[in-house]
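In what follows, a structure is listed as structure tokens, so that the remarks can point back to it.
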Amino acid sequence: MRSHPKVLLLSSDETETRKLEEVLLEYAILRRAGNLAELQSKLEGEAYDAVFCGWSFHTGTWNDALGQVRQRCPDLPVVIFSETGDEREWVKVLEAGAFDLLIAPYQKHTVIPILEQAAASYEARRLHSTGSYLKASEKVD
């Protein structure tokens, strides 16, 4: 895994985006998208380790974005973030296939472990799907 995972941040709420950027900036390479068209363009143009997606934005919702990411990069982890939420929203997000739900306030001790887990999970799935790992029977002592 890269020392700084590349994260695509999808949000049209400047205040919320700024708060999350403050936490992530030191730990990730950030790219921003403000709508679904920008999301599509960014996904086609670069590789990412995770997508952080706002609950809603000008042209859609987290569920719309999740569907678009799944079409282009099925294993890419999508973390949804929201100013409010509870267990029902968290379950809804997980059942839809997102990696996790972050609820404000966004703080390093909650955001960074989720980013690290998402990036590590994505790297493991990529390695597994390409066969770029040693099977237990192939390990050399």
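Just so you know, all these numbers are worked out from the coordinates, no wet-lab data involved. Quick caveat, the model's predicted, so the values are computed rather than measured. Don't worry about glycine lacking a Cβ; one is built from the backbone with ideal geometry, like all the others, and counts go over all protein chains shown.
Side notes on the structure shown:
- Here the chain is treated with +1 on each Lys and Arg Cβ and -1 on each Asp and Glu Cβ, and its dipole about the Cα centre works out to around 400 debye.
- Average Cα contact separation per residue, region 6-128, under 8 Å, 6 or more apart, as relative contact order %: 26 percent
- Principal-axis tilt of helix 62-72 within the chain, Cα atoms, nearest 10 degrees: 30 degrees
- Order of LEU24, LEU94 - criterion: other Cβ atoms within 10 Å of each residue's Cβ, fewest first: LEU94, LEU24
- Dimensionless Rg/Rh of the chain - Kirkwood Rh, Rg from C-alpha atoms: 1.00
- Acute angle (nearest 10 degrees) that the helix 36-45 long axis makes with the longest principal axis of the chain, alpha-carbon atoms: 30 degrees
- Region 7-39: GluC sites (Glu not before Pro) in DSSP loop, at most 16 other beta carbons within 10 Å: GLU26
- Rounded to 10°, Cα long-axis angle of helix 14-24 versus longest principal axis of the chain: 30 degrees
- Between HIS4 and GLN107, the simple label model (points 7 Å from Cα in the Cβ direction) yields a spacing of 2.5 nm.
- In this rough spin-label picture, where each label sits 7 Å from Cα along the Cβ direction, the GLU123-ILE29 distance is 1.4 nm.
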